[in-house]
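Notes follow once the structure below has been shown.
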Amino acid sequence: MILETDAGWLTAEEAGGGQVRVDMGPARLDWRDIPLARAADTLHVAVGAGPLGDAVAVNMGNPHAVFFVDDADAVPLEALGPGLEIDPLFPEHANIGVAQRLADDRLRLRVWERGAGLTQACGTGACAAAVAGARRGLTGRSVTVVLDGGELGILWREDGHVEMTGPTAASFSGVLPG
């Protein structure tokens, strides 16, 4: 299946066991591609609030700032997310993720989505956290990301593309009139 998104065309395929794999496209890592308001090393972005600092910036079709913390559930993301989302460093605003390394192949993630608030799951956020973890040497290139809404398998391929694999569920059904 080919999906049209604001970020471009994405390819999705059955992965077996009720799972779907989506090629989310390449992770963009240059500060101009995030975008950031000024030149910066996207592996160590000087932005933060409270216990959050030293973000990794990744664009997965939308801008993300990922902060690695000891306990993702202890971070008051509801209080810190709104201000970080609109920090002047992010001219298009940013999704804010707090990630905790659980193992070489496992991350815990919570996400404040720009314009939406705290969410149960964020596919692009999971991809950004996986790329950020691999770039920092905290994980390998294949990880399971644990979100409040469930788990996603993320693979950052050698060609730069990121694959996301997760469960499917029907959210609604209907009949078109006419």
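Tabulated data for the structure shown
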read-out: Answer from G50, G83 - the residue that is over 15 Å from the mean Cα position of the chain (by Cα), over 15 Å from G125 (Cβ atoms) and modelled with pLDDT under 95; value: G50
read-out: Residues (modelled with pLDDT under 75 and either open to solvent by less than 40 Å² (accessible area, probe 1.4 Å) or part of a strand (DSSP E or B) (or both)) located in the range 1-14; value: L3, T5, G8, L10, A12
read-out: In the range 47-83, residue most open to solvent (accessible area, probe 1.4 Å) [restricted to those that are free of Cβ contacts under 8 Å to residues at least 40 places away in the same chain, more than 18 Å from V145 (Cα to Cα) and in a helix (DSSP H, G or I)]; value: A79
read-out: Residues of the range 104-142 satisfying the condition of being of a type in the set (A, V, I, L, M) and either open to solvent by less than 30 Å² (accessible area, probe 1.4 Å) or touching a Gly at 6+ places or on another chain (Cβ under 9 Å) (or both); value: L107, L109, V111, L118, A121, A126, A128, A129, A130, V131, A132, A134
read-out: Enumeration of residues in the range 128-175 that are of a type in the set (A, V, I, L, M, F, W, C) and under 20 Å from W112 (Cβ atoms); value: A128, A129, A130, V131, A132, V145, V146, L147, L152, I154, M164
read-out: Residues located in the range 154-178, provided they are without any contact (Cβ under 8 Å) to a residue 60 or more places away in the chain and within 12 Å of the chain's Cα centre (by Cα); value: I154
read-out: Looking only at the range 90-103, and only at residues there that are buried (at least 20 other Cβ atoms within 10 Å of the Cβ) and in a loop (DSSP other than H, G, I, E, B), the one that is nearest to the chain's Cα centre (by Cα); value: A94
read-out: Subset of the range 15-46 (residues that are part of a loop (DSSP other than H, G, I, E, B) and either closer than 18 Å to V143 by Cβ or open to solvent by less than 40 Å² (accessible area, probe 1.4 Å) (or both)); value: A27, L29, I34, P35, L36, A40, T42, L43
read-out: Number of the exception - G174 against (1) modelled with pLDDT under 95; (2) in a helix (DSSP H, G or I); value: (2)
read-out: The range 115-128, subset at pLDDT 95 or above and in contact with a His (Cβ under 8 Å, 6 or more places away or on another chain), residue nearest to R21 (Cα to Cα); value: T124
read-out: Filter result (part of a loop (DSSP other than H, G, I, E, B), in contact (Cβ under 8 Å) with a residue 60 or more places away in the chain and of a type in the set (A, V, I, L, M)) within the range 108-153; value: L138
read-out: Any hit, the range 154-163, residues being more than 15 Å from Q19 (Cβ to Cβ), touching a helix residue (DSSP H, G or I) at 6+ places or on another chain (Cβ under 9 Å), assigned to a strand (DSSP E or B) and open to solvent by 10 Å² or more (accessible area, probe 1.4 Å); value: yes
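The values are calculated or read from the model by the stated rules, or taken from the named source; none is laboratory data. Small disclaimer: the values here were computed from a predicted structure and weren't measured. FYI the Cβ positions are ideal-geometry reconstructions off the backbone, even for glycines, and counts take in every protein chain you see. Just so you know, the surface numbers come from the protein's heavy atoms only, side chains and all, with ligands and any DNA or RNA stripped out. Shrake-Rupley method; radii C 1.70, N 1.55, O 1.52, S 1.80 Å.
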